[in-house]
Amino acid sequence: MITSDHVRELLADPDEDLVLVVLEGRAHVVPRPELGTGRYGGGLEVASAADLADLVPVPEGAREGGDEELRQVAAALEAEVNRLGG
């Protein structure tokens with residue numbers, strides 16, 4: 001399940017190349033270089049901080065960590081993962 005904490009972590013440092021992935025039904029925020037490694041190999045890449053705004057509308061205040069806004073983004077990402085069958 002994707003939570004507001006995952007979104008907060010993803011948005012926390014826009015200069016770091018973080019990616020939200022789902023692996024075996026669990027969401028993880030990891031540095032892009034770790035994708036494809038043994039630990040995260042085969043994971044479904046959901047979004048990076050850079051492309052998050054293209055996938056779901058990031059409400060005003062989400063980058064500052066408003067709880068309701070972060071929950072909205074997390075719910076939208078979860079719906080997208082479910083749609084994709086992840």
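Taking region 1-54, which GluC sites (Glu not before Pro) meet the DSSP loop condition and have no more than 15 other C-beta atoms within 10 Å? Could the numbers behind the result be given before it?
Details: sites: Glu9, Glu16, Glu24, Glu34, Glu45; in loops: Glu16, Glu24.
Qualifying residues, ordered by number: Glu16, Glu24.
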Practice prompt. Determine, from the Cβ-Cβ distance of Leu23 and Ala50 and an R0 of 22 Å, the FRET efficiency 1/(1 + (r/R0)^6), rounded to the nearest 0.05.
Written response: 0.60
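Every number in this text was worked out from the coordinates using simple rules, so none of it is lab data. Here the structure is a predicted model, which means the values were calculated and not measured. Here Cβ is always computed from backbone atoms with ideal geometry, including for glycine, and neighbour counts include all displayed protein chains.
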